[in-house]
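First comes the structure, then the notes that go with it.
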Amino acid sequence: MDGDIRQAKAPEEADFNGSVSEAKTLSDKRWLRRLGVSALLTVIIYILFGVIFGVALVEGDSMELGFTGRNVVVFLRLGRPKRCDVVIFTTSSSKTLIRRVAAIGEDVVSMSKNTGNVLINGEAEDKTSIQGRTYPVSETIEYEYTVPLETVYVLGDNRETAVDSRHFGAVNERRIIGTVLFEFRFPAAKAGE
């Protein structure tokens, strides 16, 4: 300290191992990188949930015991449905439904008016997730019913309340939105909530 006084430089004049314009360029590059990462994540999320997967809310009781109302399901939009798959599809009246595939193209569905049993290609269907008996309901669908190619025959798990292929016939595979992968079950709300 021998009496020298140095004047402090203004921040924009300070030397930070580079000029102010270099610091601003680095800031701009970080901003552009963040924008690029955000855009990439947006595209990935769109592809995952707009093209490959989907999410839907289950309403009503037509799929109980297997699926309960007011819960969320994740479904796969790709692939062809198989017997026992749970699918989401649109009806010819543009209603979106969730039902279980009982039979696929060229399968033969038989239904007993007396016992309420269903046979697919002569074999009894798996009843682990079925509630109630299955009776024919439409006068226009005759059993034995051969499922047309590129269609599926769907039934609700709660057979006595479900509106399904017994009412509207087989569903064209082009109307299938996706196959359910899993369900998120939420606790039942208490009455009055």
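The values are calculated or read from the model by the stated rules, or taken from the named source; none is laboratory data. Just so it is clear, the model here is predicted, and its values are computed rather than measured. Note that each Cβ is placed from the backbone with ideal geometry, even for glycine, and that neighbours are counted across all protein chains shown. Heads up: the accessible areas ignore ligands, DNA and RNA and are worked out on the full protein's heavy atoms, side chains in. Shrake-Rupley method; radii C 1.70, N 1.55, O 1.52, S 1.80 Å.
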At a 1.4 Å probe radius, carbon and sulfur cover how many percent of the accessible area of region 48-152?
-> 51 percent
For peptides 116-127, 149-160, sequence by mean Cβ density within 10 Å, most packed first = 149-160, 116-127
In nm, give the distance between the simple-model label positions of residue 149 and residue 51, each being 7 Å from the Cα along the Cα-to-Cβ direction.
-> 3.0 nm
Quickly rank 73-82, 135-144, 168-177 as a protection proxy: mean count of other C-beta atoms within 10 Å, highest first.
-> 168-177, 73-82, 135-144
Karplus ³J(HN,Hα) for region 157-164 (6.51 cos²θ - 1.76 cosθ + 1.60, θ = phi - 60°; Hz, whole; x = Gly/Pro) runs 5, 8, 4, 7, 10, 6, 9, 8
Protection proxy ranking of 97-107, 49-59, 30-40 - average other beta-carbon atoms within 10 Å, highest first = 97-107, 49-59, 30-40
